[in-house]
Amino acid sequence: MAVLEQLTSQQAIELENKYGAHNYHPLPVVLSRGEGVFVWDVEGKKYYDFLSAYSAVNQGHCHPEIVGAMVHQAETLTLTSRAFYNDMLGKFEKYATETFHFDKLLPMNTGAEAVETALKLCRKWAYEKKGISENDAEIIVCENNFHGRTTTIISFSNDPVARENFGPYTKGFLNIEYDNLKALEDALDANKNVAGFLVEPIQGEAGVYVPSEGYLKAAKALCEKHNVLFIADEVQTGIARTGRLLATCGNCSCADKHCSGTPEVKPDILILGKALSGGAYPVSAVLANDEIMEVIRPGNHGSTFGGNPIAAAVGMAALEVVKNEELAQNAYELGELFRSELNKFIPETDLVKSVRGKGLLNAILINDTEDSSTAWDICMALKENGLLAKPTHGNIIRFAPPLVMTKDQLLDCISIIIKTLKEFR
Ligand code: PLP
(Lines give C-alpha, C1' and ligand atoms only; values in the text may rest on other atoms or scores of the structure.)
Protein backbone atom coordinates (compact mmCIF):
# COMPACT_ATOMS: atom_id res chain seq x y z
CA MET A 1 0.00 0.00 0.00
CA ALA A 2 1.55 3.30 -1.04
CA VAL A 3 1.76 6.15 1.47
CA LEU A 4 -0.03 8.42 -1.00
CA GLU A 5 -2.83 5.98 -1.86
CA GLN A 6 -6.15 7.68 -1.14
CA LEU A 7 -8.50 5.68 1.08
CA THR A 8 -12.20 6.08 1.68
CA SER A 9 -13.30 6.77 5.26
CA GLN A 10 -14.63 3.23 5.52
CA GLN A 11 -11.31 1.72 4.39
CA ALA A 12 -9.30 3.86 6.81
CA ILE A 13 -11.52 2.86 9.73
CA GLU A 14 -11.32 -0.80 8.80
CA LEU A 15 -7.51 -0.67 8.62
CA GLU A 16 -7.22 0.93 12.05
CA ASN A 17 -9.67 -1.52 13.54
CA LYS A 18 -7.88 -4.50 12.07
CA TYR A 19 -4.23 -3.50 12.53
CA GLY A 20 -4.27 -0.98 15.37
CA ALA A 21 -4.65 -1.57 19.11
CA HIS A 22 -8.10 -0.52 20.26
CA ASN A 23 -6.92 1.95 22.89
CA TYR A 24 -9.24 4.74 21.68
CA HIS A 25 -12.88 4.95 20.71
CA PRO A 26 -12.85 7.64 18.00
CA LEU A 27 -15.87 9.31 16.48
CA PRO A 28 -16.31 7.71 13.04
CA VAL A 29 -14.83 10.52 10.97
CA VAL A 30 -11.59 10.24 9.01
CA LEU A 31 -9.75 13.51 8.63
CA SER A 32 -7.23 14.17 5.92
CA ARG A 33 -6.68 17.96 5.95
CA GLY A 34 -6.76 20.87 8.34
CA GLU A 35 -6.46 24.64 8.06
CA GLY A 36 -7.11 27.12 10.85
CA VAL A 37 -10.32 26.18 12.65
CA PHE A 38 -11.41 23.73 9.94
CA VAL A 39 -10.71 20.09 9.13
CA TRP A 40 -11.87 18.08 6.13
CA ASP A 41 -12.68 14.40 5.95
CA VAL A 42 -11.51 12.05 3.22
CA GLU A 43 -14.68 12.64 1.22
CA GLY A 44 -14.15 16.41 1.36
CA LYS A 45 -16.73 17.33 3.99
CA LYS A 46 -15.67 20.38 6.02
CA TYR A 47 -16.02 20.59 9.81
CA TYR A 48 -15.30 23.05 12.56
CA ASP A 49 -12.78 21.42 14.89
CA PHE A 50 -14.22 21.94 18.36
CA LEU A 51 -11.67 19.79 20.18
CA SER A 52 -8.31 21.04 18.82
CA ALA A 53 -6.65 17.67 19.53
CA TYR A 54 -7.37 18.07 23.22
CA SER A 55 -6.16 21.70 23.21
CA ALA A 56 -2.94 21.07 21.29
CA VAL A 57 -3.98 22.95 18.14
CA ASN A 58 -4.61 26.30 19.87
CA GLN A 59 -2.89 28.17 17.02
CA GLY A 60 -5.12 26.48 14.40
CA HIS A 61 -4.35 23.64 12.02
CA CYS A 62 -1.22 23.92 9.91
CA HIS A 63 -0.42 27.47 10.98
CA PRO A 64 1.87 28.72 8.17
CA GLU A 65 4.45 30.20 10.53
CA ILE A 66 4.71 27.07 12.64
CA VAL A 67 4.78 24.80 9.58
CA GLY A 68 7.31 27.14 7.95
CA ALA A 69 9.63 26.94 10.97
CA MET A 70 9.21 23.17 11.09
CA VAL A 71 9.89 22.60 7.39
CA HIS A 72 12.88 24.92 7.37
CA GLN A 73 14.39 23.18 10.38
CA ALA A 74 13.55 19.71 9.00
CA GLU A 75 15.54 20.57 5.89
CA THR A 76 18.46 21.89 7.96
CA LEU A 77 19.00 19.67 11.02
CA THR A 78 16.49 17.33 12.67
CA LEU A 79 18.15 15.55 15.55
CA THR A 80 21.52 15.60 17.25
CA SER A 81 20.55 14.10 20.62
CA ARG A 82 21.80 16.00 23.64
CA ALA A 83 25.18 14.33 23.28
CA PHE A 84 26.01 17.52 21.35
CA TYR A 85 24.71 21.07 21.47
CA ASN A 86 22.43 22.28 18.70
CA ASP A 87 22.04 25.89 17.67
CA MET A 88 18.25 26.04 18.27
CA LEU A 89 17.64 24.72 21.78
CA GLY A 90 19.22 27.59 23.68
CA LYS A 91 17.19 30.12 21.68
CA PHE A 92 13.97 28.28 22.48
CA GLU A 93 14.89 27.98 26.17
CA LYS A 94 15.63 31.71 26.37
CA TYR A 95 12.39 32.59 24.60
CA ALA A 96 10.22 30.28 26.71
CA THR A 97 11.79 31.12 30.07
CA GLU A 98 11.39 34.84 29.32
CA THR A 99 7.81 34.31 28.24
CA PHE A 100 6.84 32.38 31.37
CA HIS A 101 9.25 34.08 33.81
CA PHE A 102 11.33 31.14 34.99
CA ASP A 103 15.11 30.70 35.14
CA LYS A 104 15.32 27.36 33.38
CA LEU A 105 13.50 24.94 31.08
CA LEU A 106 13.88 21.18 30.73
CA PRO A 107 12.65 20.01 27.30
CA MET A 108 10.65 16.83 26.78
CA ASN A 109 8.25 15.60 24.08
CA THR A 110 4.86 14.52 25.42
CA GLY A 111 2.79 15.83 28.28
CA ALA A 112 3.13 12.63 30.29
CA GLU A 113 6.91 12.75 30.01
CA ALA A 114 6.90 16.32 31.26
CA VAL A 115 4.71 15.32 34.22
CA GLU A 116 7.11 12.45 34.99
CA THR A 117 9.99 14.92 34.77
CA ALA A 118 8.28 17.29 37.20
CA LEU A 119 7.66 14.45 39.68
CA LYS A 120 11.32 13.38 39.52
CA LEU A 121 12.49 16.98 39.89
CA CYS A 122 10.22 17.50 42.88
CA ARG A 123 11.38 14.32 44.63
CA LYS A 124 15.05 15.09 44.03
CA TRP A 125 14.58 18.62 45.37
CA ALA A 126 12.86 17.16 48.44
CA TYR A 127 15.81 14.88 49.24
CA GLU A 128 18.58 17.29 48.40
CA LYS A 129 17.12 20.63 49.49
CA LYS A 130 14.21 20.04 51.84
CA GLY A 131 15.94 17.24 53.72
CA ILE A 132 13.30 14.50 53.45
CA SER A 133 14.84 11.06 53.96
CA GLU A 134 15.38 9.14 50.76
CA ASN A 135 12.34 7.23 49.46
CA ASP A 136 9.97 8.94 51.92
CA ALA A 137 8.78 11.85 49.76
CA GLU A 138 5.05 12.15 49.17
CA ILE A 139 3.36 14.18 46.46
CA ILE A 140 -0.22 15.33 46.96
CA VAL A 141 -2.49 14.89 43.93
CA CYS A 142 -6.20 15.47 43.36
CA GLU A 143 -9.07 13.09 42.81
CA ASN A 144 -10.23 12.83 39.20
CA ASN A 145 -6.86 14.09 37.99
CA PHE A 146 -5.59 13.40 34.51
CA HIS A 147 -1.85 13.77 33.98
CA GLY A 148 -1.15 11.16 31.29
CA ARG A 149 -0.72 7.44 30.87
CA THR A 150 2.62 6.26 32.26
CA THR A 151 2.75 3.65 35.02
CA THR A 152 3.60 6.19 37.72
CA ILE A 153 0.95 8.64 36.57
CA ILE A 154 -1.85 6.09 36.44
CA SER A 155 -0.71 4.90 39.89
CA PHE A 156 -2.32 8.03 41.36
CA SER A 157 -5.34 8.16 39.04
CA ASN A 158 -8.69 7.13 40.46
CA ASP A 159 -10.16 6.38 37.03
CA PRO A 160 -10.65 2.59 37.00
CA VAL A 161 -10.50 2.40 33.20
CA ALA A 162 -7.06 4.07 33.14
CA ARG A 163 -5.76 2.09 36.11
CA GLU A 164 -7.16 -1.38 36.47
CA ASN A 165 -4.84 -4.33 35.82
CA PHE A 166 -1.80 -2.12 35.27
CA GLY A 167 -0.38 -2.64 38.78
CA PRO A 168 1.79 -2.87 40.77
CA TYR A 169 1.57 0.86 41.22
CA THR A 170 4.17 3.48 42.15
CA LYS A 171 4.02 4.58 45.78
CA GLY A 172 4.43 8.05 47.22
CA PHE A 173 1.20 9.85 46.35
CA LEU A 174 -1.59 11.18 48.56
CA ASN A 175 -4.96 11.69 46.91
CA ILE A 176 -7.17 14.55 48.14
CA GLU A 177 -10.39 16.10 46.87
CA TYR A 178 -9.94 18.76 44.17
CA ASP A 179 -10.94 22.31 45.03
CA ASN A 180 -10.90 21.51 48.76
CA LEU A 181 -8.47 23.69 50.71
CA LYS A 182 -9.26 22.02 54.01
CA ALA A 183 -8.28 18.64 52.53
CA LEU A 184 -5.00 20.14 51.34
CA GLU A 185 -4.32 21.77 54.68
CA ASP A 186 -5.08 18.54 56.57
CA ALA A 187 -2.83 16.51 54.28
CA LEU A 188 -0.01 19.02 54.70
CA ASP A 189 -0.44 19.14 58.48
CA ALA A 190 -0.59 15.36 58.81
CA ASN A 191 2.41 14.50 56.63
CA LYS A 192 5.86 15.90 57.25
CA ASN A 193 7.24 14.27 54.12
CA VAL A 194 5.23 16.14 51.52
CA ALA A 195 7.45 17.37 48.71
CA GLY A 196 4.91 18.73 46.24
CA PHE A 197 1.31 19.40 45.30
CA LEU A 198 0.50 18.49 41.70
CA VAL A 199 -2.63 20.15 40.34
CA GLU A 200 -4.45 21.01 37.12
CA PRO A 201 -5.64 24.65 37.30
CA ILE A 202 -8.84 23.39 35.62
CA GLN A 203 -9.49 19.65 35.48
CA GLY A 204 -9.89 19.23 31.71
CA GLU A 205 -10.26 15.51 31.15
CA ALA A 206 -12.43 15.09 34.23
CA GLY A 207 -14.99 17.33 32.51
CA VAL A 208 -13.69 20.91 32.66
CA TYR A 209 -14.01 21.44 36.41
CA VAL A 210 -13.15 25.04 37.25
CA PRO A 211 -12.11 25.35 40.91
CA SER A 212 -13.58 28.03 43.17
CA GLU A 213 -12.28 31.56 42.86
CA GLY A 214 -9.10 31.91 44.90
CA TYR A 215 -8.50 28.16 45.30
CA LEU A 216 -5.18 28.08 43.47
CA LYS A 217 -3.85 31.15 45.20
CA ALA A 218 -4.76 29.83 48.64
CA ALA A 219 -3.36 26.39 47.77
CA LYS A 220 -0.08 28.01 46.73
CA ALA A 221 0.05 29.91 50.03
CA LEU A 222 -0.47 26.65 51.96
CA CYS A 223 2.33 25.03 49.96
CA GLU A 224 4.64 27.95 50.71
CA LYS A 225 3.84 27.71 54.43
CA HIS A 226 4.87 24.03 54.42
CA ASN A 227 7.85 24.39 52.06
CA VAL A 228 6.08 22.21 49.49
CA LEU A 229 6.45 22.75 45.75
CA PHE A 230 3.34 23.87 43.89
CA ILE A 231 3.40 21.99 40.57
CA ALA A 232 0.96 23.26 37.94
CA ASP A 233 0.11 20.87 35.14
CA GLU A 234 -0.84 23.35 32.40
CA VAL A 235 -0.48 20.82 29.59
CA GLN A 236 -4.13 21.37 28.64
CA THR A 237 -4.91 24.77 30.22
CA GLY A 238 -1.72 26.57 29.21
CA ILE A 239 -0.73 28.62 26.14
CA ALA A 240 -3.77 30.94 26.06
CA ARG A 241 -6.46 28.23 26.16
CA THR A 242 -8.29 29.67 29.17
CA GLY A 243 -8.09 33.30 28.08
CA ARG A 244 -4.74 33.95 29.78
CA LEU A 245 -1.30 32.84 28.71
CA LEU A 246 -1.51 30.42 31.63
CA ALA A 247 -4.55 29.46 33.68
CA THR A 248 -2.45 30.18 36.78
CA CYS A 249 -2.23 33.81 35.61
CA GLY A 250 -5.69 33.96 37.17
CA ASN A 251 -8.06 36.85 36.91
CA CYS A 252 -5.68 39.72 36.51
CA SER A 253 -7.52 42.40 34.59
CA CYS A 254 -5.28 42.60 31.55
CA ALA A 255 -5.84 39.52 29.32
CA ASP A 256 -2.90 41.07 27.56
CA LYS A 257 -0.53 39.32 25.20
CA HIS A 258 2.35 41.36 26.58
CA CYS A 259 1.47 40.80 30.21
CA SER A 260 4.52 40.37 32.38
CA GLY A 261 2.77 41.36 35.57
CA THR A 262 2.51 39.27 38.69
CA PRO A 263 0.43 36.17 38.05
CA GLU A 264 -2.27 35.12 40.49
CA VAL A 265 -0.19 32.05 41.20
CA LYS A 266 3.44 31.53 40.27
CA PRO A 267 3.97 27.76 40.29
CA ASP A 268 7.30 26.44 41.57
CA ILE A 269 7.22 23.95 38.70
CA LEU A 270 5.26 24.58 35.51
CA ILE A 271 4.44 21.75 33.10
CA LEU A 272 3.62 22.58 29.46
CA GLY A 273 2.92 20.45 26.39
CA LYS A 274 0.33 20.18 23.63
CA ALA A 275 -0.01 23.78 22.28
CA LEU A 276 3.65 24.46 23.02
CA SER A 277 4.00 23.22 19.44
CA GLY A 278 0.60 24.27 18.12
CA GLY A 279 -0.03 20.59 17.57
CA ALA A 280 2.62 20.38 14.85
CA TYR A 281 5.13 18.23 16.72
CA PRO A 282 5.48 16.67 20.19
CA VAL A 283 7.02 19.41 22.36
CA SER A 284 6.69 19.56 26.14
CA ALA A 285 8.67 21.27 28.87
CA VAL A 286 9.13 21.70 32.58
CA LEU A 287 10.03 25.14 33.86
CA ALA A 288 11.42 26.07 37.27
CA ASN A 289 13.82 28.49 38.90
CA ASP A 290 17.48 27.70 39.51
CA GLU A 291 17.18 26.67 43.15
CA ILE A 292 14.93 23.82 42.04
CA MET A 293 16.24 22.98 38.58
CA GLU A 294 19.86 22.84 39.76
CA VAL A 295 19.26 19.46 41.44
CA ILE A 296 19.19 17.91 37.96
CA ARG A 297 22.71 17.14 36.82
CA PRO A 298 24.16 15.35 33.76
CA GLY A 299 22.91 11.79 33.55
CA ASN A 300 20.00 12.28 35.96
CA HIS A 301 17.35 12.65 33.29
CA GLY A 302 16.98 12.94 29.53
CA SER A 303 15.37 11.96 26.27
CA THR A 304 16.84 11.30 22.83
CA PHE A 305 14.29 13.58 21.19
CA GLY A 306 13.72 16.13 23.98
CA GLY A 307 15.05 19.52 22.93
CA ASN A 308 15.72 18.53 19.33
CA PRO A 309 16.18 21.36 16.81
CA ILE A 310 12.78 20.87 15.14
CA ALA A 311 11.01 20.93 18.50
CA ALA A 312 12.91 24.07 19.48
CA ALA A 313 12.08 25.86 16.21
CA VAL A 314 8.44 24.79 16.36
CA GLY A 315 8.13 25.74 20.04
CA MET A 316 9.44 29.23 19.42
CA ALA A 317 7.19 29.75 16.42
CA ALA A 318 4.17 28.44 18.32
CA LEU A 319 4.71 30.87 21.22
CA GLU A 320 5.31 33.74 18.82
CA VAL A 321 1.98 33.07 17.10
CA VAL A 322 0.20 33.15 20.47
CA LYS A 323 1.70 36.55 21.23
CA ASN A 324 1.46 38.12 17.78
CA GLU A 325 -2.11 37.03 17.18
CA GLU A 326 -3.25 37.93 20.70
CA LEU A 327 -4.74 34.50 21.20
CA ALA A 328 -5.19 34.85 24.96
CA GLN A 329 -7.26 37.96 24.39
CA ASN A 330 -9.29 36.26 21.67
CA ALA A 331 -9.89 33.16 23.81
CA TYR A 332 -11.00 35.36 26.68
CA GLU A 333 -13.50 37.35 24.60
CA LEU A 334 -14.86 34.41 22.62
CA GLY A 335 -15.16 32.32 25.78
CA GLU A 336 -17.34 34.98 27.42
CA LEU A 337 -19.51 35.12 24.30
CA PHE A 338 -19.78 31.33 24.06
CA ARG A 339 -20.95 30.83 27.64
CA SER A 340 -23.31 33.79 27.56
CA GLU A 341 -25.01 32.60 24.32
CA LEU A 342 -25.35 29.04 25.62
CA ASN A 343 -26.64 30.28 28.96
CA LYS A 344 -29.37 32.16 27.08
CA PHE A 345 -30.36 28.95 25.31
CA ILE A 346 -30.16 26.45 28.20
CA PRO A 347 -33.53 27.40 29.78
CA GLU A 348 -35.19 26.42 26.45
CA THR A 349 -33.92 22.83 26.54
CA ASP A 350 -34.06 19.97 29.00
CA LEU A 351 -31.08 18.28 27.30
CA VAL A 352 -28.37 20.51 28.82
CA LYS A 353 -28.01 21.26 32.51
CA SER A 354 -25.26 23.86 32.37
CA VAL A 355 -22.22 25.22 30.59
CA ARG A 356 -18.94 25.90 32.36
CA GLY A 357 -15.36 26.77 31.58
CA LYS A 358 -12.86 29.56 31.10
CA GLY A 359 -11.70 31.15 27.89
CA LEU A 360 -12.19 28.58 25.14
CA LEU A 361 -12.00 25.53 27.41
CA ASN A 362 -15.67 24.80 28.04
CA ALA A 363 -18.07 21.95 28.56
CA ILE A 364 -21.78 21.33 28.63
CA LEU A 365 -23.36 18.92 31.06
CA ILE A 366 -25.91 16.68 29.43
CA ASN A 367 -29.05 16.02 31.41
CA ASP A 368 -28.82 12.21 31.48
CA THR A 369 -27.20 9.45 33.50
CA GLU A 370 -23.40 9.01 33.51
CA ASP A 371 -23.60 5.76 31.58
CA SER A 372 -26.07 6.97 28.93
CA SER A 373 -24.97 7.38 25.33
CA THR A 374 -26.66 10.77 24.99
CA ALA A 375 -23.45 12.85 24.94
CA TRP A 376 -21.96 10.54 22.31
CA ASP A 377 -25.17 10.66 20.24
CA ILE A 378 -25.18 14.46 20.41
CA CYS A 379 -21.57 14.48 19.19
CA MET A 380 -22.62 12.24 16.28
CA ALA A 381 -25.40 14.71 15.42
CA LEU A 382 -22.97 17.64 15.71
CA LYS A 383 -20.70 15.82 13.30
CA GLU A 384 -23.53 15.49 10.79
CA ASN A 385 -24.03 19.25 11.13
CA GLY A 386 -20.35 20.02 10.52
CA LEU A 387 -18.85 20.39 14.00
CA LEU A 388 -16.53 17.91 15.73
CA ALA A 389 -16.55 17.53 19.50
CA LYS A 390 -16.14 14.59 21.85
CA PRO A 391 -17.62 13.61 25.22
CA THR A 392 -15.22 13.53 28.16
CA HIS A 393 -16.23 11.49 31.16
CA GLY A 394 -19.79 10.23 30.97
CA ASN A 395 -22.28 12.82 29.96
CA ILE A 396 -20.10 15.89 29.51
CA ILE A 397 -19.15 17.35 26.12
CA ARG A 398 -15.97 19.40 25.98
CA PHE A 399 -15.86 22.36 23.59
CA ALA A 400 -12.34 23.58 22.83
CA PRO A 401 -11.96 25.11 19.35
CA PRO A 402 -8.67 26.52 18.04
CA LEU A 403 -8.05 29.98 19.50
CA VAL A 404 -7.64 31.55 16.05
CA MET A 405 -11.42 31.40 15.63
CA THR A 406 -13.14 34.64 14.63
CA LYS A 407 -16.27 36.00 16.30
CA ASP A 408 -18.37 35.23 13.21
CA GLN A 409 -17.09 31.66 13.10
CA LEU A 410 -17.88 31.22 16.78
CA LEU A 411 -21.41 32.55 16.28
CA ASP A 412 -21.79 30.09 13.41
CA CYS A 413 -20.64 27.26 15.71
CA ILE A 414 -23.01 28.34 18.47
CA SER A 415 -25.90 28.23 16.00
CA ILE A 416 -24.84 24.72 14.86
CA ILE A 417 -24.73 23.56 18.50
CA ILE A 418 -28.10 25.10 19.37
CA LYS A 419 -29.75 23.80 16.18
CA THR A 420 -28.38 20.30 16.86
CA LEU A 421 -29.59 20.31 20.45
CA LYS A 422 -33.03 21.56 19.37
CA GLU A 423 -33.39 18.85 16.74
CA PHE A 424 -31.95 16.10 18.92
CA ARG A 425 -34.26 13.21 19.75
N1 PLP B 1 -1.59 16.57 31.65
C2 PLP B 1 -2.80 17.02 31.30
C3 PLP B 1 -3.49 18.03 32.16
C4 PLP B 1 -3.42 16.56 30.14
O5 PLP B 1 -4.63 17.00 29.80
C6 PLP B 1 -2.74 15.61 29.36
C7 PLP B 1 -3.37 15.08 28.13
O8 PLP B 1 -4.53 15.22 27.87
C9 PLP B 1 -1.48 15.16 29.76
C10 PLP B 1 -0.93 15.68 30.91
C11 PLP B 1 -0.74 14.12 28.97
O12 PLP B 1 -0.27 14.64 27.79
P13 PLP B 1 0.20 13.64 26.60
O14 PLP B 1 -1.04 12.99 26.08
O15 PLP B 1 0.87 14.54 25.61
O16 PLP B 1 1.13 12.66 27.22
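The values are calculated or read from the model by the stated rules, or taken from the named source; none is laboratory data. Not measured: the values here are computed from a predicted model. No Cβ is skipped: glycine too gets one built from the backbone with ideal geometry, and neighbour counts run over all protein chains shown. Heads up: the accessible areas ignore ligands, DNA and RNA and are worked out on the full protein's heavy atoms, side chains in. Shrake-Rupley method; radii C 1.70, N 1.55, O 1.52, S 1.80 Å.
Less than 5 angstrom separates the built amide H of Leu403 from those of Gln59, Gly60, all sequence-distant by 5 or more or on a different chain.
Translational diffusion of the range 293-425 was estimated from the Stokes-Einstein equation, with Rh taken as the Kirkwood radius over Cα pairs; at 25 °C and 0.890 mPa s the coefficient is 143 µm²/s. Sorting 347-356, 108-117 by average packing, meaning the other beta carbons within 10 Å per residue, from highest down gives 108-117, 347-356. Its relative contact order, with pairs defined as Cα atoms under 8 Å and 6+ residues apart, puts the chain at 23 percent. Between Glu75 and Ser9, the FRET efficiency from the beta-carbon distance, with R0 = 25 Å, is close to 0.15.
Could you list, in their original order, any pairs among Lys18/Lys407; Lys353/Lys383; Lys323/Lys353; Lys91/Lys225; Lys323/Lys383 whose Cα atoms are separated by more than 30 Å?
As for pairs spanning more than 30 Å Cα to Cα, those are Lys18/Lys407; Lys323/Lys353; Lys91/Lys225; Lys323/Lys383.
Between the range 61-140 and the range 305-338, the alpha-carbon centres lie 17 Å apart. Annotation: amide H of Glu35 within the under-5 Å range of His61, sequence separation 5 or more or interchain, hydrogens built in the peptide plane. Using the Karplus relation 6.51 cos²θ - 1.76 cosθ + 1.60 with θ = phi - 60°, the per-residue 3J(HN,Hα) values for the range 345-359 come to 7, 3, x, 7, 10, 9, 7, 10, 7, 6, 10, 8, x, 9, x Hz, with x marking Gly and Pro. Rounded to whole numbers, the Karplus 3J(HN,Hα) couplings from phi for the range 124-138 are 5, 4, 4, 6, 8, 10, 7, x, 6, 5, 4, 6, 9, 5, 10 Hz, using 6.51 cos²θ - 1.76 cosθ + 1.60 with θ = phi - 60°, and x at Gly and Pro.
Taking amide H atoms as placed 1.01 Å from N in the peptide plane, the amide H of Cys142 lies under 5 Å from those of Ile176, each 5 or more residues away in sequence or on another chain. A Cβ-based charge dipole, computed about the Cα centre of the chain with Lys and Arg at +1 and Asp and Glu at -1, lands at about 260 debye. Taken per residue, the accessible surface of the range 64-324 reaches 43 Å², heavy atoms only and a 1.4 Å probe. Between Ala2 and Glu134, the simple label model (points 7 Å from Cα in the Cβ direction) yields a spacing of 6.0 nm. Computed 3J(HN,Hα) for the range 139-153, one whole-Hz value per residue from the Karplus formula 6.51 cos²θ - 1.76 cosθ + 1.60 where θ = phi - 60°, is 10, 7, 10, 10, 4, 6, 5, 9, 10, x, 10, 6, 4, 5, 5, glycine and proline marked x.
With kT/(6 pi eta Rh) evaluated at 10 °C and eta = 1.306 mPa s, and Rh the Kirkwood radius from Cα pairs, the chain diffuses with a coefficient of 71 µm²/s according to Stokes-Einstein. Accessible area of Phe305 (1.4 Å probe, protein heavy atoms only, ligands and nucleic acids ignored): about 110 Å². Place +1 on the Cβ of every Lys and Arg and -1 on the Cβ of every Asp and Glu in the chain, take the dipole about the Cα centre, and give the residue among Leu361, Trp125, Leu276 whose Cα lies farthest towards its positive end. Most positive-ward Cα: Trp125. The length gained by stretching the chain between Lys18 and His226 to full extension, at 0.36 nm per residue less their Cα-Cα distance, is 69.6 nm.
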